[in-house]
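Nothing in this text is a laboratory measurement; each read-out follows from the coordinates by a stated rule. This structure is a prediction, so every number in the text was calculated from the model and none was measured. We place every Cβ from the backbone using ideal geometry, glycine too, and count neighbours over all the protein chains shown.
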Amino acid sequence: MHKEDAKISCQVFQKQEAIIKDITSKINAIKGVAEKAVFAEALRKEADVLLACQDNKETSLDCKNCRFIAVLRKKTADIIVKAKKLA
């Protein structure tokens with residue numbers, strides 16, 4: 001099965017996607033949850049940039065997909081931060 005990258009036609013998404021992918025790679029490379037939490041906070045902030053986008057159009061499929069992805073990433077970051085508190 002082959003994976004395709006998201007094709008969302010938005011400059012804000014494209015810029016944030018590059019930043020988010022870099023942060024996600026760092027999270028995945030680290031073993032300790034405390035260290036992951038530092039990058040999870042950064043991931044949360046970058047996801048918030050997408051969620052606060054001024055160009056959001058409720059009828060745009062690209063905007064709906066972008067928001068869906070941003071919400072998932074923010075939830076992922078929240079889980080990592082909560083795991084740190086439990087550790």
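Assorted remarks:
- Equivalent ellipsoid semi-axes - Cα gyration tensor, the chain, angstrom: 25, 14, 11
- Note on the chain: with charges restricted to the Cβ of Lys and Arg (+1) and Asp and Glu (-1), its dipole about the Cα centre is near 380 debye.
- Loop sites in segment 25-87: GluC sites (Glu not before Pro), DSSP, at most 11 other Cβ within 10 Å: 58
- Quotient of C-alpha Rg and 2.2 N^0.38 Å, computed over segment 42-87: 1.32
- CD proxy at 222 nm, helix term only [per DSSP H run n ≥ 4: -39500 (n - 2.57); per residue of the chain; nearest 500]: -25500 deg cm²/dmol
- Exposure here means at most 14 other Cβ atoms within 10 Å; with trypsin sites (Lys or Arg not before Pro) in a DSSP loop as sites, the longest stretch of the chain lacking them is 58-87.
- Cβ-based charge dipole, the chain, positive-most Cα from 53, 14, 69: 69
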